[in-house]
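I have placed the structure first, in the form of structure tokens, so that the comments after it can refer back to it.
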Amino acid sequence: MGAFAVTVLVDGLDAVALAAHVGAPRMVVHHTVGSTMDEAHRLAQSGPESGTVVVAEHQFAGRGRFGRRWISDPGRGLWATSIHRGIDTNALDVLSIRIGLCLATALDRFAEGRVTLKWPNDLFSQGRKLGGVLVEARWREAKLEWVAVGVGINLVPPADQPRGIGLRAGVLRSELLRAVVGPVAEACASVGELTDEELRLYAVRDMLRDARLTEPAVGVARGITANGALVVETASGRELFRRGSIVLAPEGA
């Protein structure tokens, strides 16, 4: 027997209907992939329209920053990557922060509590991890060809991650997609560094503000700069960090 394609539905919607529902130019829907990020990069080489979204029911090799494994079991979350072209290269350094800020605002109505942000790319609710953003750019020599924006959001807490959290019961992936696709595209269309208003809004949601850290330096977190750097007040003065992992100091330290 010859091979045949199986139509994968999201809440009863095929790819065409889902694209119309969420306001994307094109949706590519998979049941199982290694990662939607890798699928998006492969698809981007054939020139799909900016704003195209790849979504999967299950990823067996989902990843976050530094290649860390992102648990993405079937039915437990939204695993999606969108392709964007024409990005302002001056905005690349703050893109994950800008997207996180837009997503936090959009997700408030689905979460049990206010969505907060952990520098540089994590979404939290009630002190537990709700999701994350991964941004990967592809260049041809000095020209930025496209940016892939991966978004992972837990519908329910990961089975083996006690520090994770999900959204309110009954949230549909199709509604979640409709809530996040627009804000991600809006963030990708923004130019330049973070504005004063974005910095103000970030400060309201900054879960690290005034937290004591041991990494990326021993000190106290004091927010971020317009170019996305984390400000840490150390014994020798204020230091700025563009990359690194966050480790909180033990309580009482």
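No value in this document is a laboratory result; all are computed from the given coordinates. Predicted, not measured: the structure shown is a model, and the values here were computed from it. Virtual Cβ from ideal backbone geometry, glycine too; neighbours counted across all protein chains shown.
Tabulated data for the structure shown
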item	result
Value of [θ]222 nm, deg cm²/dmol, for the chain, DSSP H segments ≥ 4, -39500 (n - 2.57) each, nearest 500	-7000 deg cm²/dmol
Cα→Cβ-extended label distance, 7 Å offset, between Val156 and Ser46, nm	3.4 nm
R0 of 30 Å, Cβ-Cβ distance Lys143-Leu240: FRET efficiency to nearest 0.05	0.55
Label-point gap, in nm, between Leu248 and Ala211 - each point 7 angstrom along Cα→Cβ	0.5 nm
Inter-site label distance for Ala17 and Asn227 at 7 Å from Cα along Cβ, in nm	4.9 nm
Cut-off under 5 Å, modelled amide H: who pairs with Ser125 long-range	Thr116, Leu130
Cβ-based exposure ranking for Met37, Met207, in which fewest neighbours within 10 Å come first	Met207, Met37
Most mobile listed residue (Thr234, Thr225, Thr116) in the chain, GNM with C-alpha springs under 10 Å	Thr234
Cα gyration tensor of the chain - equivalent ellipsoid semi-axes, whole Å, descending	31, 21, 16
Per-residue ³J(HN,Hα) for region 145-154, Karplus 6.51 cos²θ - 1.76 cosθ + 1.60, θ = phi - 60°, Hz, x for Gly and Pro	8, 7, 10, 9, 10, x, 10, x, 10, 6
Selection of trypsin sites (Lys or Arg not before Pro), region 205-253, meeting DSSP coil and at most 11 other Cβ within 10 Å	Arg243
Label point 7 Å beyond Cα of Ala189 along Cβ direction - residues of region 75-104 with amide nitrogen under 14 Å	84-88
